[in-house]
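Input: a single structure, listed below in structure tokens.
The values are calculated or read from the model by the stated rules, or taken from the named source; none is laboratory data. Every value quoted in this text rests on a predicted model; they were computed, and no experiment measured them. Glycine gets a Cβ as well: all are built from the backbone with ideal geometry, and neighbour counts include every protein chain shown.
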Amino acid sequence: LKFTESGSISISLDLEVSDTGNSVVIKVTDTGIGIDKAMRERIFDEFRQASEGVNRKFDGSGLGLPIARKIINLFHGAISVDSELGKGSVFTIKLPYQAELPSLTLPKQDRIFSAREEMIHKHLPLVLLIEDNLINQKLAVSFLAGICQVDCVFDARTAIEYAKLNRYATIMTDIKLGESMTGLDMVTLIRRLPGYANVPMIALTGFTLPGDKEQIMKAGFDHYVGKPYTKEELVDTINQALKS
């Protein structure tokens, strides 16, 4: 959506049948800015973007497409792109299809917010996560299960209110938070609250190009984790923060 300022975006779903196996084929077609031929393979690499810097026009990838490819690979699928600069792109995803697929039920959103109550008897440290993507929230909560209690909010203003009402051992936040203030601005405000001057702050961000980390750390963060991150990376960082 963010790369298509005018025109259209369409999504198609088809079943491809062959002697070697069936596949679900998903195509996402846009009339956006397009991708230069030299960049078509690199956009699937982690930490690569067509424009650079924390203040670049389009934040994000360096993150989105590598995550998409990793998820697709987990399902033994493939993703490819056909694009012309200035005219648009077609992303094609192929996934193997079985006649009977196991049901996948995502937990209701309120289960994330009840994690604190479910785990309170374990006396785990209380951590605040600010992340405007629900899937990323669920991923982080699952990675940190048994290590800490996690309160999840979607925007910076809500996070500040939560920080006023609770005493968090650590705060983790994305940098780009939709239409809300950024994670950089939020950390400055939370640091001014009573008891938060020295609370460890962790940046979980897709800003992973040269110079991004240094700029983020100068803004008041104590730890930095680039997206996409592994469970080990997040757990190691949260353990370091909780020990400090």
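A few comments on the model shown:
- Each residue in the range 7-44 was checked for being touching a Ser or Thr at 6+ places or on another chain (Cβ under 7 Å) and not in a strand (DSSP E or B), and 8 of them qualify.
- Residue in the range 202-214 that is surrounded by fewer than 16 Cβ atoms within 10 Å (Cβ to Cβ), assigned to a loop (DSSP other than H, G, I, E, B) and assigned by TED's automatic domain parsing to the domain that holds CYS148 present: yes
- Some residue of the range 125-138 being at pLDDT 85 or above, outside any loop (DSSP other than H, G, I, E, B), more than 18 Å from ASN166 (Cβ to Cβ) and in contact with an Asp or Glu (Cβ under 8 Å, 6 or more places away or on another chain): yes
- Within the range 218-230, the residues that satisfy the criterion of being touching a residue at least 12 places away in the same chain (Cβ under 8 Å) and over 19 Å from LEU65 (Cα atoms) are ALA219, GLY220, PHE221, ASP222, HIS223, TYR224.
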